[in-house]
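The values are calculated or read from the model by the stated rules, or taken from the named source; none is laboratory data. Predicted model only: the values in this text are computed from it and were never measured. Quick reminder, even Gly has a Cβ in these numbers, built from the backbone with ideal geometry, and neighbours come from all protein chains shown. Accessible surface areas use protein heavy atoms only, side chains included; no ligands, DNA or RNA. Shrake-Rupley method; radii C 1.70, N 1.55, O 1.52, S 1.80 Å.
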There are 2 protein chains.
Amino acid sequence: MNHSTDIANLFADIPAQLPQELSTRLLDAKNLRIERIVSYGHASEPDFWYQQEEHEWVILLTGGALLRWASGREEALAPGDYVFIPAGEKHRVEGTLADEHSVWLAVFFAA
Amino acid sequence: MNHSTDIANLFADIPAQLPQELSTRLLDAKNLRIERIVSYGHASEPDFWYQQEEHEWVILLTGGALLRWASGREEALAPGDYVFIPAGEKHRVEGTLADEHSVWLAVFFAA
């Protein structure tokens, strides 16, 4: 397992400029990975769908985002909103707020 | 696995009165449990130490708290601060802010 027992802050070390979405691995354990993802107006590439082998539980903590599922489902996420995305479920980030950081905390785990 | 794919908000449904600390299970999977814990001036009982069979990764999202380890380590946590507590490591909540809700998000997983 790759981790530290030091205290760190989820909202620290966010670059002012974010040409690309930024993913940081916070904890890496057997069958479990916790990541911080920072978006700033980013969206998934056109026609790109995430389809992951792992389950994902994700919470948006700042900003705002629009998620879309291949099923046609679409949801706007505000700070504090969380959702479980089962492995294999096709989804994409349709967009995130253009004028502030959207900070996500994502827990990926074995299906 | 016990979960929903609906969207919910971590900061919703927090009772104004909290005679006891409130734990809510948000996701319950094999070897993994995600909980919301809401404190309001609560602390661990005197001389009580948590000593868990599972690893715990926990982040404080609102409020403030003081954690103490049996090793003598003590840390103040502000919003956004997170820490990994390995299974078996004796620790306790020395206190939480008396005048606002401290909302924690805890990920427990098999050691």
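Under a 5 Å amide H cut-off, with hydrogens placed 1.01 Å from N, A:Asp81 pairs with A:Leu60, B:Leu10 among residues at least 5 apart or on other chains. Only aspartates and glutamates eight or more places from B:Lys90 in sequence, or on another chain, were considered; those with a Cα closer than 16 Å are A:Asp6, B:Glu45, B:Asp47, B:Glu53, B:Glu54, B:Glu56, B:Glu74, B:Glu75.
Filter the trypsin sites (Lys or Arg not before Pro) in region A:4-111 to those in DSSP coil with at most 16 other Cβ atoms within 10 Å of their Cβ, and list the result. Before the final figure, lay out the partial values.
Working: sites: A:Arg25, A:Lys30, A:Arg33, A:Arg36, A:Arg68, A:Arg73, A:Lys90, A:Arg92; in loops: A:Lys30, A:Arg73, A:Lys90.
Hits after loop and neighbour filter: A:Lys30, A:Arg73, A:Lys90.
As a fraction of the 1.4 Å probe accessible area of region A:22-109, surface on carbon and sulfur atoms comes out at 47 percent. In this simple spin-label model, placing a label point 7 Å from the Cα along the Cα-to-Cβ direction at both A:Ala43 and A:Gln17 gives a separation of 2.4 nm. Comment: the Cα-to-Cβ extended label point of B:Ala70, at 7 Å, lies 4.9 nm from its counterparts in the other copies, nearest first. Averaging the Cα positions of each part gives two centres, and for region B:21-43 and region B:61-111 these lie 12 Å apart. Residues of region A:73-92 that bury at least 30 Å² of accessible area once all protein chains are present, compared with their chain alone (1.4 Å probe, heavy atoms only, ligands and nucleic acids left out), are A:Arg73, A:Gly80, A:Asp81, A:Tyr82, A:Phe84.
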